[in-house]
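Novice: There's a structure below that I have some questions on.
Each value in this text was obtained by applying a stated rule to the coordinates, not by laboratory testing. Worth saying up front: this structure is predicted, and the values here are computed from it rather than measured. A quick note on method: Cβ atoms are made from the backbone with ideal geometry, for glycine too, and the neighbour counts reach across all protein chains shown.
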Amino acid sequence: MNSHHPVLNLIAEITSALTVRQGPLIVEQTLSYLAEMDLSTESMLQSDPCMPAKFANDLDIAIKHIPPQLNALAGAIDDSKHLIQWNRDLGQFYEKDADVGPHGFRFDVNGWSDYPADSIIWNTPWLPHATRVYDLPFLCLFGWVGNLEGLCRVVEADDWTQLEKELVRTSGS
């Protein structure tokens, strides 16, 4: 898509990147929701979009590390980043003041698994999971298409304190 609005271009690039990955249910559901959205230029206008300065540097680093097969998507993110309202979660998604804990992926209480960039990660609804990031800022497209009426809850695992100590020790070295 070559729209006159960078956010519409971004949505088109997200749609394109997902279309070649059809198969997983979450991809199909996300594409279905995107197809139903009002994607007029007027719907993309934000009253006063802003990006926290602390976030801007990390986003630029993450964009630079997007895999080459997603160059068009990386460019669309970069072109639209100042037109999008970036918000910290202040209780809209997670319970207010929730400690989201350590950041690989871990589903239920099984071990951690690392995935390469451009991976599709699926978490079964209502199954506890955790995400951890490393030195490179983590940028993801998050598709949450059901159970939208409630907040996420942080479910502490028995080994959480140990994991946080390991992350602190690792980041200090």
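Novice: Starting from 0.36 nm per residue, how many nanometres of slack lie between K64 and L83 once their C-alpha separation is accounted for?
Specialist: On the way: separation 19, 0.36 × 19 = 6.84 nm, distance 1.89 nm.
Once the chain is fully extended between K64 and L83, it gains 4.9 nm.
Novice: Quote the FRET efficiency, to the nearest 0.05, computed for A53 versus E28 with a Förster distance R0 of 35 Å and r equal to the Cβ-Cβ distance.
Specialist: With R0 = 35 Å, the Cβ-Cβ based efficiency is 0.40.
Novice: Sorting check: for 23-32, 110-119, 68-77, which peptide has the highest mean count of neighbouring beta carbons within 10 Å, and how do the rest follow? Kindly include the intermediate steps, with their values, before the conclusion.
Specialist: Working: 23-32: 14.1, 110-119: 10.3, 68-77: 16.0.
Going from most to least packed, we get 68-77, 23-32, 110-119.
Novice: In addition: For a footprinting-style exposure proxy, rank K81, K64, K54 by other Cβ within 10 Å, fewest first.
Specialist: Numbers: K81 19, K64 11, K54 8.
Listed from fewest to most nearby Cβ atoms, that is K54, K64, K81.
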